[in-house]
Structure formats: C-alpha cells, structure tokens
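Engineer: Pasting a structure below so you can have a look.
Each reported figure results from applying straightforward, stated rules to the coordinates on display, with no laboratory input. Note that the structure is predicted; figures quoted are calculated from it, not measured. FYI the Cβ positions are ideal-geometry reconstructions off the backbone, even for glycines, and counts take in every protein chain you see.
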Amino acid sequence: MLLTVDKLSKKYKDHVAVKELTLSIEHNQCVALLGPNGSGKTTTLSMLSGLLTPTSGKIVFQGGTTINRHEIGFLPQYPAFFLMDDSNRVFTFCRKTFKSFKKRVAEEK
C-alpha cells in the first residue's frame, strides 16, 4: 500500500475543513479528489504532503507515519513560482531546495 488515511480531520476554530476522511491508495494507482469549492480538497492534499498538520487521524505513507517530502510532490493551488519570470529560475530554485531533484535531472540527461 502506498498511502493509507484513517479518519483524517482538520478543524480551524469552529470550521471543520476535512471530517474523518478514510482512503487507501495502491502503488501505480491514479486518484482524483473531486468536489465543490471549499470541500477540503486542497486542505487534504496539504495534510498528505506534510504542509499542514491534521487535527486528528492517521496518515501512513509507504508503511511509515513520517512523510518524506523527497518522495511526494505537491503543487499547491497558488504556487509561489508565479514570482519567478522564467523556467531557469524555477529549476535553479528546485535544484537548490530539493536534493533528489538535482539527482533526477542529472539521470534524465
């Protein structure tokens, strides 16, 4: 199993953004989160990528409870890349920020 989520919830004061989400994703499986604006899709992805801490619930990624950001990618709805005026600046940022990115780019050449 690649990812297992059990009763994942995120609450902001009195507002519940995600309520007891449970799901499993197998290796090589493609999954889409569908729903109207405000239904918790971005909040869920932010928790799965380690950018947000869940209020409650459990995330198991590749058998462990620690999320390794070098093994999961997430491009948020409003990325900070819009401030960078060309692709070379984006690649330079990624190369400096993510060790695994530099290795993968070198392997693809």
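Engineer: Fewest to most neighbouring Cβ within 10 Å: what's the order for Asp86, Asp6?
Structural biologist: The order, fewest Cβ neighbours first, is Asp86, Asp6.
Engineer: Could I ask something else about it? Rank these for me by crowding, Leu2, Leu21, Leu33, going from fewest to most other beta carbons within 10 Å.
Structural biologist: Fewest to most other Cβ atoms nearby, the residues stand as Leu33, Leu2, Leu21.
Engineer: Also: With a sphere of radius 12 Å drawn around the Cβ of Thr4, what net charge do the other residues whose Cβ falls strictly inside it have (Lys, Arg +1; Asp, Glu -1)?
Structural biologist: Here the charged neighbours net out to 0.
Engineer: Amide H neighbours of Val18 under 5 Å, at least 5 residues apart or on other chains, H built in the peptide plane: list them.
Structural biologist: Lys10
Engineer: Residue by residue through the range 29-38, which ³J(HN,Hα) values in whole Hz follow from phi under the Karplus form 6.51 cos²θ - 1.76 cosθ + 1.60 (θ = phi - 60°), with glycine and proline marked x?
Structural biologist: Taking θ as phi minus 60°, the curve returns 9, 9, 10, 10, 9, 10, x, x, 3, x Hz for the range 29-38.
Engineer: Determine ³J(HN,Hα), in whole Hz, for all residues of the range 8-14 in sequence, where each value follows from phi through the Karplus function 6.51 cos²θ - 1.76 cosθ + 1.60 and θ = phi - 60°; x replaces Gly and Pro.
Structural biologist: Whole-Hz 3J(HN,Hα) from phi for the range 8-14: 6, 9, 9, 10, 10, 6, 9.
Engineer: Are any of the pairs Lys19/Lys41; Lys10/Lys96; Lys58/Lys96; Lys13/Lys41 more than 23 Å apart by Cα-Cα distance, and if so, which?
Structural biologist: Pairs exceeding the cut-off: Lys10/Lys96; Lys58/Lys96.
Engineer: I want the local charge near Thr22. Using Cβ-Cβ distances under 11 Å, sum +1 for each Lys or Arg and -1 for each Asp or Glu among the other residues.
Structural biologist: +1
Engineer: Also, I was wondering about something else. Counting only residues 5 or more places away or on other chains, whose amide H sits under 5 Å from the amide H of Leu3 once H atoms are built in the peptide plane?
Structural biologist: Amide H neighbours of Leu3, under 5 Å, 5+ apart: Ile25, Gln62.
Engineer: Arrange the following residues from fewest to most other Cβ atoms within 10 Å of their Cβ: Val90, Val60, Val18, Val31.
Structural biologist: With the fewest neighbours first, Val90, Val60, Val18, Val31 line up as Val31, Val90, Val60, Val18.
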